[in-house]
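Below you'll find the structure, written out as structure tokens, and then a few comments.
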Amino acid sequence: AVINIKGGCGKTTTAANLSHALALAGKNIDVIDMDPQGHLSACLGATGKHLKGMDTVLLDGEDINPLRTTVRENLRLVPAGEHLLDVEKSSRTPELVMRRLRYAVSERLPEDDTYRVIIDTPSFPGVLYHSAIVAADEVIIPVVPDYLALLSLSKIVEQLRKIEAEQMKTIQLWLLIGRYQPKRKLAIEVREKLMAYFPGSVFKTMIR
């Protein structure tokens with residue numbers, strides 16, 4: 001899952017480009033749009049009203065497989081769907097939504113050594129965001145190297161540890177530094193802090 005509660009950090013861009021790059025490398029990729037804005041779906045060419053997607057999976061318990069659309073070679077998209085925001089407003093319990101997403105990812109989608117699922121998430125910590133983390137084995141957090149981004153990151157990590165305790169599982173954490181300006185003193189300091197606090201979890205490649 002690609003997560004962050006701070007908007008404008010490159011979350012959807014990361015999900016789109018990472019999934020496409022892995023597909024080009026020969027991996028078998030499903031990318032799931034869990035953001036009601038549907039920007040990932042738009043990035044990959046799935047636009048228009050009455051588009052069914054994760055909204056029907058989470059609200060109605062529909063099978064995820066017929067909703068998978070091939071958008072590139074080796075890459076399939078499950079779009080958000082126009083009613084995905086209704087999941088946040090629904091009277092259904094968060095546990096039901098989490099169970100449906102986890103079932104869709106782990107039971108309904110194929111498994112082989114090259115297969116990966118990438119989930120794009122909303123920028124608000126609601127049911128959709130929480131469910132994506134519960135369903136994931138790994139999370140990538142795109143981080144912009146500034147002070148406010150560090151504040152958001154501390155809250156995300158705190159939530160992540162809480163979910164790990166509740167679900168009794170370990171979720172691998174990765175940090176991706178984006179909008180990096182190598183001559184900017186603050187950017188260098190933030191990068192050094194991240195590498196000190198999260199050794200082995202910060203991607204070596206930084207996005208300028």
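Under the combined filter of DSSP loop state and at most 12 neighbouring Cβ atoms within 10 Å, the stretch 1-89 retains these GluC sites (Glu not before Pro): E73. Taking the chain, how much of its Cα-Cα pair set, in percent, is spaced more than 33 angstrom apart? Considering the chain, 13 percent of its Cα-Cα pairs are separated by more than 33 Å. Charges only on Cβ, +1 for Lys and Arg, -1 for Asp and Glu: so what's the dipole of the stretch 27-98 about the Cα centre, in debye to the nearest 20? Dipole about the Cα centre, nearest 20: 240 debye.
Each Lys or Arg adds one and each Asp or Glu subtracts one; over the other residues with Cβ under 12 Å from the Cβ of E95, this totals +3.
Shown is the FRET efficiency for R208 and W174, computed with R0 = 22 Å from the Cβ-Cβ distance and rounded to the nearest 0.05: 0.75. Summed over qualifying helices (DSSP H, 4 residues or more, each -39500 (n - 2.57)) and divided by its residue number, the chain shows a 222 nm mean residue ellipticity of -12000 deg cm²/dmol. A dipole drawn for the chain from +1 and -1 charges on Cβ atoms has a positive end, and of A21, S152, H130 the residue lying farthest that way is S152. Directionally averaged projected area (the stretch 21-91, Cα convex hull): 4.7 nm².
Counting only Cβ charges, +1 for Lys and Arg and -1 for Asp and Glu, the dipole size of the chain around its Cα centre is about 880 debye.
Quick check: net charge around I141, other residues with Cβ under 10 Å of its Cβ, Lys/Arg +1 and Asp/Glu -1? Residues near I141 contribute +2 overall. Would you mind checking the tilt of helix 11-24 against the longest principal axis of the Cα atoms of the chain, expressed as 0 to 90 degrees and rounded to 10? Orientation of helix 11-24: about 70 degrees from the principal axis. Neighbours of V2, meaning other residues whose beta-carbon lies under 15 angstrom from its beta-carbon, give a summed charge of -3 when Lys and Arg score +1 and Asp and Glu score -1.
Here is the list for the stretch 1-71: trypsin sites (Lys or Arg not before Pro) lying in DSSP coil, each with at most 11 other C-beta atoms within 10 angstrom of its C-beta, are K49.
Quick note: the coordinates plus some simple rules give every number you see, no bench work behind them. All values reported here derive from a predicted model rather than from experimental measurement. A quick note on method: Cβ atoms are made from the backbone with ideal geometry, for glycine too, and the neighbour counts reach across all protein chains shown.
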